[in-house]
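See below for the structure under consideration.
The values are calculated or read from the model by the stated rules, or taken from the named source; none is laboratory data. Keep in mind that what you see is a predicted model, and the values were worked out from it rather than measured. Cβ placement follows ideal geometry from the backbone for every residue including glycine, while neighbour counts extend to all protein chains displayed.
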Amino acid sequence: MRHRIAVVGSGPAGLTFARVLHRHRHRHRHLVTVLERDPARDARPPGGTLDLHEGLGRLALDKAGLLTEFQVLSRPEGQAMRILDTDGTVLRDWRPRPDDRANPEIDRGQLRDLLPGPLDVRWGRGVTHVVPGARDGVVVHFEDGRQETFDLVVGADGAWSRVRPALSSVTPHYTGVTMVETSLDDVDTRHSGLARLIGDGSVAVYGVNRGLVAQRNSGGHVKVYAQFRAPLDWHTNLDLADVEAVRASLLTLFDGWAAPVLDLLHHGTAFVHRPLYALPVSHTWPHVPGVTLLGDAAHLMPPLGAGANLAMLEGAELAESIAADPEDLDEAVRAFEERMWPRAGRWAKLTTAGLNRLVGPNPTEALALFDQVQPS
Ligand SMILES: Cc1cc2nc3c(=O)[nH]c(=O)nc-3n(C[C@H](O)[C@H](O)[C@H](O)COP(=O)(O)OP(=O)(O)OC[C@H]3O[C@@H](n4cnc5c(N)ncnc54)[C@H](O)[C@@H]3O)c2cc1C
């Protein structure tokens, strides 16, 4: 009998898992289906750039056999990082050496196009909940009322996972920090001053309890993130769909910062509101046969460059664990969980402390953090 495996979610975690398992298909007899709520691959804008670290995301791509393709698409120069004071003074201007390939950047959209390859991704299959413990497996319930039974359900469905409640009653909490995101296109031709400010990689400016970060993506596209400590309902008197009202509100929030820095907020034509949530550090669950979690579904943490990396490595490791022990799915999953939890806990601790230093009362902490993690 072939084991039926459902992967809920086609983000970095789910796709890496399915892709690595596909690579080992000659050694196992599983039927793997990726169930994705989005109606199509390009149904939503894919988001910004990701730096994939040696030993994490890049190791996962290696396990998927995709390192060469990744190297063609990735931007090692995108590792460059400049830190400014709120008056525009350059405090740090770090550029990678020409041979530095430690944390190259790739657009999330490029990664999303690279990973699926031959996989069976079913679009428009939103899951509402899963019920383990049935005699013939785990029952997956879909938004359209249908249901299907699998031997293993891998919840890779992100922060607001619908699979997680089968294992844990924990839900994400607000970190106290909100991001508001906007974008710039053709930055080199249309906003050459900002293009120089941002350089090849990122620029970050930190003030008291707030920061402005801009990251270059490929093709002259830039994502700008305003980050600030605020209660969840900070926008009660603001229409978030009113672009000019949001811009004015942000400009008030960053009042007094140097004009070239504030220019990052002047040109975007839409703003996306992203309050940052996290699961408790060291989130685990009593093992339940037939269901597990990967990535943000398992350990949502502040976005400090680890989430997608961990999600991909976990996907690759779960696939390898199953491929190594194809007859005993449950033992393979149990072994994987024992390996995932302590590492995710360490990163959750680091990123939580990191967010408090980056967006906190003392901006020199942000600089100190940069000096701590960035090779000089
Ligand atoms: C602004 C920002 C910048 C970031 N930058 C970085 C970075 O530089 N490096 C890094 O490593 N990480 C970064 N992260 C974190 C990273 O984005 C996440 O950790 C990563 O995307 C998690 O991957 P995932 O596959 O677990 O979940 P997701 O990427 O959230 O994918 C989940 C998938 O599941 C689907 N889905 C959801 N619900 C259902 C359902 N009910 N049924 C079916 N499908 C469903 C979704 O549509 C989606 O396709 C950043 C995050 C943010 C917000």
(message) Which count do you get for residues in the stretch 31-50 that are surrounded by 22 or more Cβ atoms within 10 Å (Cβ to Cβ) and farther than 13 Å from Leu115 by Cβ?
(response) 3
(message) I need the full set of residues from the stretch 234-293 which are closer than 28 Å to Thr351 by Cα, in a loop (DSSP other than H, G, I, E, B) and of a type in the set (Val, Ile, Thr), in order please.
(response) Val281, Thr284
(request) Go through (1) surrounded by fewer than 18 Cβ atoms within 10 Å (Cβ to Cβ); (2) in the same structural domain as Gly9 (by TED's automatic domain parsing) one by one and return the number of the condition Val272 breaks. (result) (2)
(message) Regarding the stretch 329-346, can at least one residue be identified that is within 15 Å of the ligand (Cβ to nearest atom) and outside any helix (DSSP H, G or I)?
(response) no
(message) Give me the residue from the stretch 43-91 that is more than 17 Å from Ala306 (Cα to Cα), in a loop (DSSP other than H, G, I, E, B) and charged (D, E, K, R) and, out of that set, farthest from the ligand (Cβ to nearest atom).
(response) Asp87
(message) I'd like to check something: does the stretch 222-229 contain any residue that is surrounded by 14 or more Cβ atoms within 10 Å (Cβ to Cβ) and not in a strand (DSSP E or B)?
(response) no
(message) Pairs please, first residue from the stretch 290-301 and closer than 11 Å to Val163 by Cα and in contact (Cβ under 8 Å) with a residue 12 or more places away in the chain, second anywhere and among the charged types (D, E, K, R) and more than 9 Å from the ligand (Cβ to nearest atom), Cβ atoms under 8 Å, 6+ apart in sequence or on different chains.
(response) Thr292/Glu337; Leu293/Arg164; Ala297/Arg164; Ala298/Arg164
(request) Could you check, for the stretch 185-199, whether at least one of its residues is in contact with a helix residue (DSSP H, G or I) (Cβ under 7 Å, 6 or more places away or on another chain) and assigned to a strand (DSSP E or B)? (result) no
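Could you please let me know if Glu331 is in the same structural domain as Leu114 (by TED's automatic domain parsing) and either closer than 24 Å to Val203 by Cα or in contact with a Lys or Arg (Cβ under 9 Å, 6 or more places away or on another chain) (or both)?
Values: in the same structural domain as Leu114 (by TED's automatic domain parsing): yes; either closer than 24 Å to Val203 by Cα or in contact with a Lys or Arg (Cβ under 9 Å, 6 or more places away or on another chain) (or both): no.
For Glu331, the condition - in the same structural domain as Leu114 (by TED's automatic domain parsing) and either closer than 24 Å to Val203 by Cα or in contact with a Lys or Arg (Cβ under 9 Å, 6 or more places away or on another chain) (or both) - is not met.
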(message) Can you find, within the stretch 348-376, the residue that is surrounded by the most Cβ atoms within 10 Å (Cβ to Cβ) among those that are farther than 17 Å from Thr86 by Cβ, touching a residue at least 40 places away in the same chain (Cβ under 8 Å) and among the β-branched types (Val, Ile, Thr)?
(response) Thr351
